[in-house]
Amino acid sequence: MSGLIIPSEILLKLYIIMKRIRAVELRIESEYHKDEMKTPIHLCNGQEAIAAGMCLNLEDRDYVFSNHRGHGHYIAKNGNLNKMVAELYNREAGCSRGRGGSMHLIDTKVGIMGSSAIVGGGIPLATGAALATKIKRDKKVSVVFFGDGAVEEGAFYESINFAVLKKLPIIYVCENNLYAVCSKLKNRQVTKDIYKRAQGLGIPSKKIDGNDAIMVYTAVNKIIKKVREGRGPYFLECSTYRFKDHHDIKTGVELGYRTQEELDEWVKRCPIKRLEEYLLYQGILHMDLMYSLEQQINIEIENAFEYAKTSALPKKEDVYMYVYK
Ligand SMILES: Cc1ncc(C[n+]2csc(CCOP(=O)(O)OP(=O)(O)O)c2C)c(N)n1
Ligand SMILES: [Mg+2]
């Protein structure tokens, strides 16, 4: 792949992060129909390797800016799970005090600077944070996750131009899942390789298989060293696919914008299954360990849902606090 030998414990961590993300989202899915979470949800099933491979290369002090499909980024960067689930249930104990819901996840203690419902909205924010970092010389790296739809926003081009000009320590991570809501990439953009367009802005860029966790980890491991050293920004396009509809818990096939065959093809390339098979083959993972990891994750999730459901809602008189009126 690239010559980097990844220690077994890192490979296991990669696997655990992805399993956590998937398990949390499956639990959200199973609860969502009860209509107790008053928030739209955008699941990242199928895209977990990008968040995991990226964030496992980051330190707590590094910044992550996320988007509407942000559960995976938050979990991979070690955001507090209780506070995330409480946010989905609109509780005062939630990470945005229950006012934001699924698209407003934040945990600044571990460098999660927030997610935005505005497509492309995190890109200039992350660029600004990278500028601050450069001025302060604190060697932090900013990372911003966004979709293929976000590169159609002007803020994307303005931000990258600025980051290149100022040699900012930032990695732009485009999760190209081929769709923006129901709209196919090929009906929206003239070239299928987004990274080539980024190259035109003068930023070093590359496209990788975003469903291959080891490939993501390895690529980022190389890139981040250069970015931290002050050699300027990087653009990484990760090809992937979401297993669920744009939002909600259906598949999207029922809406007719994509086919069951296409979905099945991508499910075969499930990033978690892929890494699991590799780890089992290498003897790094075995069935007993797999089972005990799943147990631990399930307990943690059970506790987070219990915490959320038993937490208080914001008081009626406080409901407009912390929001713009
Ligand atoms: C500025 C802006 N325009 C439109 C929308 C409506 N919208 C929400 S998500 C989305 C699609 C985003 O697609 P992409 O960036 O590829 O991310 P994905 O959902 O595929 O992860 C759109 C158009 C919005 N929230 N903000
Ligand atoms: Mg997309």
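Read-outs: derived from the displayed coordinates by stated rules, not from any lab. A quick note: this is a predicted structure, and the numbers were derived from the prediction, not measured. So basically every Cβ, Gly included, is an ideal-geometry build from the backbone, and we count neighbours across all protein chains shown.
Search the range 291-315 for residues being of a type in the set (A, V, I, L, M, F, W, C) and in a helix (DSSP H, G or I), and hand back the single one that is surrounded by the most Cβ atoms within 10 Å (Cβ to Cβ). Walk me through how you get there before you give the answer.
In the first step, residues of the range 291-315 are kept if they are of a type in the set (A, V, I, L, M, F, W, C); the result is 293, 297, 299, 301, 304-305, 308, 312-313.
Right, trim to in a helix (DSSP H, G or I) and you get 293, 297, 299, 301, 304-305, 308.
Working: Leu293: 17, Ile297: 18, Ile299: 10, Ile301: 18, Ala304: 20, Phe305: 19, Ala308: 25.
This residue is Ala308.
Restricting attention to the range 227-259, the residues being more than 20 Å from Ala52 (Cα to Cα) and either among the charged types (D, E, K, R) or assigned to a helix (DSSP H, G or I) (or both) number 9.
Scan the range 141-193 residue by residue and report those that are among the β-branched types (Val, Ile, Thr), away from ligand 1 (no atom under 13 Å from the Cβ) and surrounded by 23 or more Cβ atoms within 10 Å (Cβ to Cβ). Within the range 141-193, Val141, Val143, Ile160, Ile170, Ile171 meet the criteria.
Only residues that are away from ligand 2 (no atom under 15 Å from the Cβ) and crowded, with 23+ Cβ neighbours inside 10 Å were counted across the range 117-128, and they come to 2. I need every pair where a residue in the range 230-245 that is touching a residue at least 12 places away in the same chain (Cβ under 8 Å) and within 16 Å of Ser159 (Cα to Cα) has its Cβ under 6 Å from the Cβ of a residue that is among the small types (Gly, Ala, Ser) and away from ligand 1 (no atom under 12 Å from the Cβ), sequence separation at least 6 or different chains. As it stands, the answer is Pro233/Ala163; Phe235/Ala198; Phe235/Ser205, since those pairs meet every condition given. Lys222 - would you say it is farther than 23 Å from Glu262 by Cα, surrounded by fewer than 22 Cβ atoms within 10 Å (Cβ to Cβ) and in contact (Cβ under 8 Å) with a residue 40 or more places away in the chain? Taking the combined requirement at face value, the residue satisfies it.
Quick check on the range 150-168: of everything there that is without any contact (Cβ under 8 Å) to a residue 40 or more places away in the chain and over 21 Å from the mean Cα position of the chain (by Cα), which residue is nearest to ligand 2 (Cβ to nearest atom)?
Gly154
Being part of a helix (DSSP H, G or I) and either in contact with a Phe, Trp or Tyr (Cβ under 7 Å, 6 or more places away or on another chain) or within 26 Å of Ala312 (Cβ to Cβ) (or both) narrows it down to one residue among Asn45, Asn82, Asn78; which is it?
On the way: Asn45 fails: part of a helix (DSSP H, G or I); Asn78 fails: part of a helix (DSSP H, G or I).
Answer to the selection: Asn82.
Return the residue satisfying two criteria in turn: it lies in the range 189-219 and is more than 24 Å from Leu125 (Cβ to Cβ), touching a residue at least 12 places away in the same chain (Cβ under 8 Å) and in a loop (DSSP other than H, G, I, E, B), and of such residues it is farthest from ligand 2 (Cβ to nearest atom). Among those that are more than 24 Å from Leu125 (Cβ to Cβ), touching a residue at least 12 places away in the same chain (Cβ under 8 Å) and in a loop (DSSP other than H, G, I, E, B), it is Asp212. Would you mind finding the one in Gly46, Gly53 that is buried (at least 18 other Cβ atoms within 10 Å of the Cβ), within 16 Å of ligand 2 (Cβ to nearest atom) and among the small types (Gly, Ala, Ser)? When all the criteria are applied, what remains is Gly46. Screening Arg69, Arg61 for residues that are surrounded by 19 or more Cβ atoms within 10 Å (Cβ to Cβ), in a loop (DSSP other than H, G, I, E, B), touching a residue at least 40 places away in the same chain (Cβ under 8 Å) and not hydrophobic (A, V, I, L, M, F, W, C) leaves exactly one candidate, Arg69.
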